[in-house]
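S.K.: Got a structure for you, written out below as structure tokens; questions coming shortly.
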Amino acid sequence: MTNNRFLKQFLKSFIDLLPILLVVLLFQILVIQQPIPNVTDLIFGMLLVVLGLTFFIEGLELALFPIGEAMAYDFARKGSLPWLLVFSFALGFGTTVAEPALIAVADEAASIAASGGMISNTEDAKASYSFGLRLTVALSVGFAILVGVIRIIKGWPLHYLIIAGYCGIVIMTFFAPDEIIGIAYDSGGVTTSTITVPLVTALGVGLASAIKGRNPILDGFGLIAFASLTPIIFVMAYGIII
């Protein structure tokens, strides 16, 4: 990364984070009307965040986007549909099961479930519940990416699948335990991680670009929508079974 390119990306990252910083400062000064605590730590922390975001975005552009697009193109060019589907499922599963946000939500859900008497208040029971929840979400994302890839290959309309999926979610909500509904809906959000999103997006765009008759703009996007939708269904089903 050249110095000029790094400085441009650093400035762009700072501008992206500037609204957040302004909101915090305005509410701290005008609403709370208290001095800002630990100003030095705040400045240093913001610098680290900007640097981290700069390196992260640069890494996406140099590595993750090209890898995803290249692999999708190679699979499409070789006509290896079974391996493409296996790769799609493995990509969704692997990037989700180790997602820190999902781990945090699953651990918190296990603790609350134990406190509420849904499961035994033991470490083994909580660990089993947390792992089961993580595994369910990861399987659902793998399944979602697989279905999304088939949609791109077959040219199925995206809106039909999304509408059908959310109709299924609404119906399942009436039958799922109340304790699992909020967790299920939150699980749909935590799956869109910093690794899953760029890789899956690159996969969809690369695949749509490699298949004749597919438009990358119209057909290449939409995989993330599936990755956010299917965990809600799977987790509610998990709650009904458990």
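The values are calculated or read from the model by the stated rules, or taken from the named source; none is laboratory data. Worth saying up front: this structure is predicted, and the values here are computed from it rather than measured. No Cβ is skipped: glycine too gets one built from the backbone with ideal geometry, and neighbour counts run over all protein chains shown. Protein only, heavy atoms only, side chains kept; ligands, DNA and RNA dropped before computing areas. Shrake-Rupley method; radii C 1.70, N 1.55, O 1.52, S 1.80 Å.
S.K.: Just want to confirm a number: the relative contact order over region 5-105, from Cα pairs under 8 angstrom separated by 6+ residues, in percent.
M.R.: Relative CO of region 5-105 lands at 23 percent.
S.K.: Taking region 95-211 on its own, what percent of its Cα-Cα pair distances exceed 22 Å?
M.R.: Of the Cα pairs, 44 percent sit more than 22 Å apart.
S.K.: Counting only complete DSSP H runs, which helices of the chain cover 15 Å or more along their long axis at the Cα atoms and score a mean Kyte-Doolittle of 1.0 or above?
M.R.: 3-26, 39-59, 81-97, 100-115, 123-154, 158-173, 196-210, 223-241
S.K.: Okay, next question. Given the C-alpha atoms of the chain, compute the convex hull and give its volume per residue in Å³.
M.R.: For the chain, the hull spanned by Cα atoms encloses 180 Å³ per residue.
S.K.: Hey, what number do you get for the chain at 222 nm if only DSSP H runs of n ≥ 4 count, each worth -39500 (n - 2.57), divided across all residues, to the nearest 500?
M.R.: -26500 deg cm²/dmol
S.K.: For region 29-34, in order, what is each residue's ³J(HN,Hα) by Karplus, 6.51 cos²θ - 1.76 cosθ + 1.60 with θ = phi - 60°, in whole Hz (x at glycine and Pro)?
M.R.: With coefficients 6.51, -1.76 and 1.60, one gets 8, 8, 9, 6, 6, 10 Hz.
S.K.: Further question: By the scheme Lys and Arg +1, Asp and Glu -1, what is the net charge of all other residues having a beta-carbon under 15 Å from that of GLY188?
M.R.: -1
S.K.: Please report the net charge: other residues with Cβ closer than 15 Å to the Cβ of VAL137, K and R +1, D and E -1.
M.R.: Once positives and negatives cancel, what remains is -3.
S.K.: Solvent-accessible area per residue for the chain at a 1.4 Å probe radius, Å²?
M.R.: In whole numbers, the chain has 56 Å² accessible per residue.
S.K.: Give me the distance in nm between label points sitting 7 Å out from Cα along the Cα-to-Cβ direction at SER209 and TYR166, one decimal.
M.R.: Reported label-point gap for SER209 and TYR166 is 3.0 nm.
S.K.: Let me ask something else. So, counting K/R as plus one and D/E as minus one, what does the shell of residues with Cβ under 13 Å around GLY220 add up to?
M.R.: Its environment carries a net charge of 0.
S.K.: Of the heavy-atom accessible surface of region 92-161 (probe 1.4 angstrom), what whole percent is carbon and sulfur?
M.R.: That share works out to 64 percent.
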